[in-house]
1. In segment 206-244, what count of residues is obtained for those that are more than 17 Å from the chain's Cα centre (by Cα), more than 27 Å from residue 163 (Cα to Cα) and either modelled with pLDDT of 85 or more or not in a helix (DSSP H, G or I) (or both)?
2. Counting just the residues of segment 450-474 that are touching a strand residue (DSSP E or B) at 6+ places or on another chain (Cβ under 9 Å) and surrounded by fewer than 12 Cβ atoms within 10 Å (Cβ to Cβ), which one comes out nearest to residue 434 (Cα to Cα)?
3. Hey, among the residues in segment 399-412 that are in contact with a helix residue (DSSP H, G or I) (Cβ under 6 Å, 6 or more places away or on another chain) and within 19 Å of residue 40 (Cβ to Cβ), which one's surrounded by the most Cβ atoms within 10 Å (Cβ to Cβ)?
4. Which is surrounded by fewer than 15 Cβ atoms within 10 Å (Cβ to Cβ) and either outside the structural domain of residue 417 (by TED's automatic domain parsing) or under 29 Å from residue 453 (Cα atoms) (or both), of 73, 35, 27?
5. Do we have any residue at all in segment 262-277 that's farther than 25 Å from residue 143 by Cα, assigned to a helix (DSSP H, G or I), within 18 Å of the chain's Cα centre (by Cα) and at pLDDT below 95?
6. Right, residue 188: surrounded by fewer than 22 Cβ atoms within 10 Å (Cβ to Cβ), more than 28 Å from the chain's Cα centre (by Cα) and either without any contact (Cβ under 8 Å) to a residue 24 or more places away in the chain or part of a helix (DSSP H, G or I) (or both) or not?
7. In this structure, is residue 118 under 18 Å from the mean Cα position of the chain (by Cα), over 13 Å from residue 8 (Cβ atoms), at pLDDT below 95 and assigned to a helix (DSSP H, G or I)?
8. Report, by residue number, each residue of segment 152-162 that is surrounded by 21 or more Cβ atoms within 10 Å (Cβ to Cβ) and either over 21 Å from residue 298 (Cα atoms) or outside the structural domain of residue 209 (by TED's automatic domain parsing) (or both).
């Protein structure tokens with residue numbers, strides 16, 4: 001076996017070990033619980049409920065098939081993300097080797113994807129991010145093959161992988177659009193106005209659209225729902241620089257601090273510099289494919305935000321706001337191509353010792369970032385909902401109720417309750433008077449709720465002398481729910497968590513109804 005393949009094997013192994021490390025240490029949170037609970041419904045009902053959410057169905061289909069074999073445990077759910085997180089490493093090697101004909105570049109790019117703190121973080125989530133990233137790389141690989149050599153197998157590979165990504169996450173529509181722009185540019189540079197040469201690619205995108213078309217009506221409905229009401233805060237001047245920092249070395253600090261802002265400016269300028277040098281130094285046309293895969297998700301998010309901005313005159317003057325769909329996690333698909341471009345820029349530095357030294361320093365910097373990230377989580381003292389559910393499973397007695405003060409903690413508790421720590425009664429979501437799911441919003445998890453889950457009031461479930469339990473948090477903009485005046489608090493336990501952000505605390509309050 002060639003030496004470089006041994007090195008690739010070691011790189012893949014390193015990527016695997018890093019993704020396995022601490023993977024079960026983080027308590028399952030709301031978004032992951034959504035995945036875990038959604039795949040338990042019958043197929044027809046699952047598709048109906050997915051239509052009430054804001055994501056396409058492909059990840060849930062794949063995860064459901066996976067869980068038929070490996071079950072619904074935490075290992076299984078996150079193992080699916082680990083699998084595709086690891087597969088992105090050889091996929092990166094395959095794409096770079098094919099597109100740029102350099103085993104050295106391919107190996108360096110695979111290494112940077114393997115050790116990326118940004119990539120590692122989302123391998124610990126039972127969500128669609130690593131799944132989508134793998135197929136995005138493979139779609140780019142097949143596109144390169146299609147444009148260079150044609151062949152029905154390559155066209156079929158491109159159609160399948162591109163259809164998969166646009167049915168996995170809507171941000172991957174931007175990636176697919178970037179690949180389409182690249183294909184048109186490539187064909188124009190080679191064939192100009194010989195339109196016959198364009199038809200295979202045009203036909204491929206027609207088939208891809210046909211694959212998406214059964215979901216189109218649902219997509220438009222979800223888009224309308226998102227436009228009307230969504231929880232993601234507005235973009236700021238620091239949104240994109242913060243994401244670039246996350247891609248380069250981990251997660252940005254508080255962007256309101258001046259010192260952080262200086263670093264974000266430096267990282268942004270550095271990113272522009274190395275991308276410029278990468279484009280200048282790379283001869284192959286595929287450099288534009290890599291660049292578009294990085295840039296298009298940013299362009300798409302900005303265009304959506306600008307389109308949604310509305311302005312109104314208030315007492316304070318003209319006030320404008322828009323619907324933002326900007327979250328760091330949505331750029332994991334761009335980050336793999338960002339790592340590729342960075343690795344190729346490093347490998348193209350003419351002074352060999354400097355090139356290798358910078359690579360080693362960057363690897364060390366990534367290792368330090370990973371170590372700092374895990375230390376910052378303080379997992380030994382952050383049991384989160386796992387700890388809360390375990391405590392309730394050991395203490396809740398028949399006839400006692402467990403109420404959740406927010407839907408953002410309801411689903412992850414329901415997962416632990418149904419999988420690991422059962423109690424005699426089903427958990428109930430306190431809704432403050434709402435008794436029907438039609439009164440709930442998609443943001444509150446409407447897609448997974450049924451009327452029996454809802455507790456409009458506390459008093460209708462509690463009787464004199466009863467012990468009742470309430471789980472609540474300040475995260476997600478929530479507060480401690482107001483309990484009836486005749487309830488006396490007996491005890492309150494705290495379970496620090498790390499998601500949705502470090503510092504989240506889950507409270508379990510025990511009450512006696514007088």
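The values are calculated or read from the model by the stated rules, or taken from the named source; none is laboratory data. The shown structure was predicted, so the numbers you read here are calculated from the model rather than taken from an experiment. Note: ideal-geometry Cβ built from the backbone for every residue, glycine included; neighbour counts use all protein chains shown.
1. Here the count works out to 7.
2. 452
3. 412
4. When all the criteria are applied, what remains is 73.
5. No.
6. Yes.
7. yes
8. Within segment 152-162, 158, 159, 161 qualify.
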